[in-house]
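Step one of this worksheet: look at the structure below.
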Amino acid sequence: MSQDYRSMWAELGLDLAAHDQLLAVLGQAYADIYQAQADRPEAMSYFDFVMSEVHGLRIRELLDARKAGRKVVGAWCVFVPEEIVLAADGICVGLCAGADVAMDEVEKLLPRNTCALIKSSLGFKLGKLCPYLESVDMVVGENTCDGKKKMYETFAELTENLHVMDVPQMKSADGRRLMLNEYRRFLTAVEELTGVEITAERLRQGIRTANAKRRAMHRLYSLRAADPAPISGLDALLINQISFYDDPERFTASVDAVCDELKARNEAGRGAVPAGAKRILVSGCPMAVPNWKLPWIVEGAGAVIVGEESCVGERGLRNLVAEDGGTVDQLLEALVDRYFQVDCAIFTPNPDRLAHIRQMAADYRADGVIHYGLNFCQPYQMEAIPVAAALEQDGLPTLRVDTDYSQEDVEQLKTRVEAFLEIL
Amino acid sequence: MIAAGIDIGSRSIELVLLDGDRILDVRRQDTTFDPLRQCQRLLEGVSWDTLAATGYGRKLFSERWGGDTLTEIRAHAAGARFLHPEARTVLDIGGQDTKAVAMNEAGRVVKFEMNDRCAAGTGKFLEFMATGLQIPLAEFGTYALSGARGVEISSMCTVFAETEATSLMARGVPGPDIARALHMSIVTRSASMLRRVGVVPPVVFTGGVARNPCVVALMGQILDCPLVVPENPDHVGALGAALHALS
Ligand code: SF4
Ligand code: SF4
C-alpha cells in the first residue's frame, strides 16, 4: 500500500511496525486461501479489492467523511442497530476481532481462558492495530455474553467514547421492553454525537438502506441452494464479512452483481465446485476477518459450504425491518421486532436457533452440519451439545469443532473434517 | 491385482501389500524428519497396481506418488473390519493420536472421536514415562502389569504426570505401582473417548500401543469387555489403505 496510507496510519496512532507485519500476514493468507481458489465469480474482484484496501482506502473514506462532518460508529455485534446510525447520516463499521494480536498484553488484562474473539477485540486496541477502532467517534459495546460484558469494563478504561448497550437474555415482554429502551437510549446518544435530530423520515431511510443490503444478501443465500453450488463458502463468507465494513449502498450493488453472475451460473449448471461435492452447513460462533480457518479446511477437503448459521452470515442478516411506521416510536418498535428475532446463544432458552439450523439445512440441501465453537465460548459450546444431538436425531450428521485462531490444530482439524466428510 | 497401503504417522510409517485378500508383505520405517525419503526406502523394490495413503503424511505422499488418500479413521475401521468382520468399535492409540471409531453392522463409520492437539493419553505419553522410569519401552507394559493398584496419577498432562511420578518415587512408592497408575491414566482417558462413541463389542484395539499388555488388560477391565488385538496392530491403518486402494 502506498506511502500515503502510512502517514494516515501514523496519524491514527497505529503501531506501524506491527501493523506492517499484520498486513503482510493478511496479504499472504489472502493469496493462499482466496486467490488460490479455482473458478471464482468474476464479480468477486470487487471484494478482492475491498479486502486489499480494508485498512487503506476504506479508512481514508471514513476520515474524509469525518472531515465533512459525519460521524463514525464502531461495533462488534449484530445487536447494534445500524439503522439508527445511518439515520443520523453516520457510518457504522464492524471492528477487527478475527486474529490473535498483542496477546501478551491482552493476557495481562483478561484470563487466558477467554474466547479468541474477545481477546482479539481487546488486542486490536492494546496493540494499536485496528485503524477502524482509531477512526471512530463512538464504540458500542453490548452486554451479550459474560466475557464481552466484562471485557467492556476493561475497554472503558482505554477509551473515552464507549457506549455500553444492555441486551436482554430472555425473549419475554420485559426483555422486549429492555431492548426498546436501550435502542431509544442509543438513538439519543447518536443524536447527541452527530447533532442530527433523527426524524421518522430519516429513520425510515436508514431502515431502507439496511434492508436493501439484507435483501441482496438473502438473494445470495438462496442462490447457493443450487447443486452444484455456484460460489464457494469462502467467497460467501468474505462477502458476509465485508458487509460489516463497506459503504452499504455500494456493497448492495456489488452483491447484486455477484448474484446476477451466480444466477447465470446456476442456469448453466456451472458450479464453483463439481456437482456432487458434499454440502456443509456451518453453524455457531461468528467468523470475523481474517478468520477463514474452518472454511479453508472444509473446502480444501473437497466439500462446499452452502450456508452460515452465524452472525457473520444468516443469523446476523436475515429478517427485514418493517418500513411503514409513521413515527419514530413506531419505527423503533419495528426495529425491535426484527432484532428481537436474532437467535444468539446468549438468549435462554433459544429454541429458534435450532429451528433455523434445521430450516437452513433443508433449504440449502446440506449433507451435514459442522458446529463451530470458539474455545471458552460458553453460550455456543454449551448449545452445541443439545443442537448436535437434535440434528443427529433428525438424521443429519453433525460434527462439533471447537477451536481458536491459532494454526496449531490445523492438522488434527483436517483429519476430523475429512473423516466427517467420509461418513456423509 | 496388488494393492499397496501406506500409513504415514507421526512416529512410524507402515506399508502393507495386499493381493486380493492375502497380505503379501508388511514393512515399517521410522518417520524421522524426512518422511518422504523414508517412504522412498519403504517402497524400494516394491511394485503395485494401485495404492492409497493414510495418516498425517497422506497428502504429501499422494502429491509425490499419486493414489487416493483416506483418513486414519476410515483406514483403521476398514482394516479392523477386514481382520475381524464382526468388529463394531475400534480404538486406535498411536504415537500422537488416540481415536475411537464406531461402525454400524455393515461396517460403515458412524461416529468418531479423536484427541485434540495435546498428546496426553497417546503412545508418546507412555514413551515419555518409560524414559522417566528408566524402563525400555517394549518392557514397560509387562513391568506395569506386576504393579499393585492403589496409586493414582491425577494429571493427564504429560509434563505434570511426570512430576507426579517423580514425587511418588521420592516417597518410595514401588516403580511398577507407579507404572501401573500411569497406564491407568491413559486407559481412563481412552475409555471415556470410547464411551462417547458408544462401546459395542467386539472392540478391536489397533495402533502401536495395542502391543502394550498392561493397557490391553486394564482397558478390558474398565470397559468390562475383552479387546481384540490383531497380530500386527500397528499395521491396521496401512491395511485399511490397501483395502481402499483395491476398492
Ligand atoms: S453471536 Fe451473539 S454476541 Fe456474538 S455477534 Fe452474534 S449476536 Fe452478538
Ligand atoms: S464467541 Fe461466544 S464467548 Fe466469544 S464473544 Fe461471542 S458469544 Fe461471547
Query raised in the report: By the scheme Lys and Arg +1, Asp and Glu -1, what is the net charge of all other residues having a beta-carbon under 11 Å from that of A:GLU392?
Result: +1
Query - Modelled FRET efficiency - R0 60 Å, B:ARG11 with A:ARG250, Cβ distances, 0.05 increments - result: 0.65
Query raised in the report: Amide H of B:LEU24: which non-local residues (sequence gap of 5 or more, or other chain) have their own amide H closer than 5 Å, using H built in the peptide plane?
Result: B:LEU17, B:LEU18, B:ASP19
Query raised in the report: By a straight-distance test (C-alpha under 16 Å), which aspartates and glutamates pair with A:LYS149 as possible cross-link partners, with residues fewer than eight away in the same chain excluded?
Result: A:GLU157, A:ASP166, A:GLU182
Report task. Quote the accessible area belonging to A:ILE198 in square angstrom, nearest 10, computed with a 1.4 Å probe and with ligands, DNA and RNA left uncounted. Result -> 10
Query raised in the report: Summing -39500 (n - 2.57) over the DSSP H runs of n ≥ 4 in chain A and dividing by its residue number, what mean residue ellipticity at 222 nm do you reach, to the nearest 500 deg cm²/dmol?
Result: -16500 deg cm²/dmol
Report task. Just report the Cα centroid separation between the stretch B:61-105 and the stretch A:196-231, whole Å. Result -> 47
Query raised in the report: If you bin the C-alpha pair distances of the stretch B:88-229 every 5 Å from 0, what whole percents do you get?
Result: 2, 11, 22, 24, 18, 12, 7, 3, 1, 0, 0
**Report entry** Per-residue mean of C-beta atoms belonging to partner chains within 10 Å, peptide A:407-416
**Finding:** 4
**Report entry** Listed residues B:GLN29, B:GLN96, B:GLN134, most fluctuating in chain B (Gaussian network, C-alpha, under 10 Å)
**Finding:** B:GLN134
Report summary line: For the table A:LYS71/A:LYS213; A:LYS119/B:LYS59; A:LYS67/A:LYS171; A:LYS148/A:LYS278; A:LYS263/A:LYS293, the rows whose alpha-carbon distance is greater than 30 Å are A:LYS119/B:LYS59; A:LYS67/A:LYS171; A:LYS148/A:LYS278
Query - Too-long pairs where the Cα-Cα distance tops 27 Å, listed order kept, from A:LYS414/B:LYS111; A:LYS108/A:LYS128; A:LYS108/B:LYS99 - result: A:LYS108/B:LYS99
Query - In order through the stretch B:26-38: 3J(HN,Hα) via Karplus (6.51 cos²θ - 1.76 cosθ + 1.60), integer Hz, x for Gly, Pro - result: 10, 9, 8, 9, 5, 6, 6, 8, 10, x, 5, 5, 5
**Report entry** Rounded Å value of the spacing that divides the Cα centres of the stretch B:158-223 and the stretch A:321-375
**Finding:** 46
Query raised in the report: Can you list residues whose amide H is under 5 Å from A:ASP402's amide H, if they're 5+ apart or on another chain and H is modeled 1.01 Å from N?
Result: A:GLY373
Query raised in the report: Gain in length, A:ALA156 to A:ASP32, computed as 0.36 nm per residue apart minus the alpha-carbon separation, to one decimal in nm?
Result: 40.9 nm
Report summary line: With the 1.4 Å probe rolled over protein heavy atoms, the protein assembly as shown has an accessible area per residue in Å² of 40
Report summary line: Judged on accessible area alone, 1.4 Å probe, highest first, B:ILE8, B:ILE222 line up as B:ILE222, B:ILE8
Report task. Set Lys and Arg Cβ to +1 and Asp and Glu Cβ to -1, take the dipole of the stretch B:66-220 about its Cα centre, and tell me which of B:THR166, B:ILE93, B:SER190 lies farthest positive. Result -> B:SER190
Report summary line: Computed over chain B, the relative contact order (Cα-Cα under 8 Å, seq sep at least six) in percent reads 27
Query raised in the report: In a shell of Cβ-Cβ distance under 12 Å around A:GLY69, excluding A:GLY69 itself, what net charge do Lys and Arg (+1) and Asp and Glu (-1) give?
Result: +1
Query raised in the report: About its Cα centre, how strong a charge dipole does chain B have in debye, to the nearest 20, once Lys and Arg get +1 and Asp and Glu get -1 at the Cβ?
Result: 400
**Report entry** Value at 222 nm in deg cm²/dmol, rounded to 500, when DSSP H runs of n ≥ 4 in chain B each add -39,500 (n - 2.57)
**Finding:** -13500 deg cm²/dmol
Query raised in the report: Between the stretch A:148-165 and the stretch A:9-80, what's the alpha-carbon centroid distance in Å?
Result: 24
Query raised in the report: Taking amide hydrogens as modeled 1.01 Å from N in the peptide plane, which residues meet the under 5 Å criterion relative to B:ALA120, leaving out close sequence neighbours?
Result: B:THR158
Report task. Give me the accessible area of B:MET1, 1.4 Å probe, in Å² rounded to the nearest 10. Result -> 130
**Report entry** Accessible-area ranking of A:GLU160, B:GLU139, A:GLU323, A:GLU192, largest first, probe 1.4 Å
**Finding:** A:GLU160, A:GLU192, B:GLU139, A:GLU323
Requested in this report: Please calculate the 1.4 Å probe accessible area of A:ARG184, with all protein chains present, and give it to the nearest 10 Å².
Outcome: 90
Query raised in the report: Normalised by the number of residues in chain A, what is the relative contact order in percent for Cα pairs under 8 Å and 6+ residues apart?
Result: 17
**Report entry** A:LYS150, B:LYS124, A:LYS213, ranked by accessible area, largest first (probe 1.4 Å)
**Finding:** A:LYS150, B:LYS124, A:LYS213
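The values are calculated or read from the model by the stated rules, or taken from the named source; none is laboratory data. Note that the structure is a prediction, hence the values are computed from the model and not measured. Note that each Cβ is placed from the backbone with ideal geometry, even for glycine, and that neighbours are counted across all protein chains shown. Quick note on the areas: whole protein, heavy atoms, side chains included, nothing else; ligands and nucleic acids left out. Shrake-Rupley method; radii C 1.70, N 1.55, O 1.52, S 1.80 Å.
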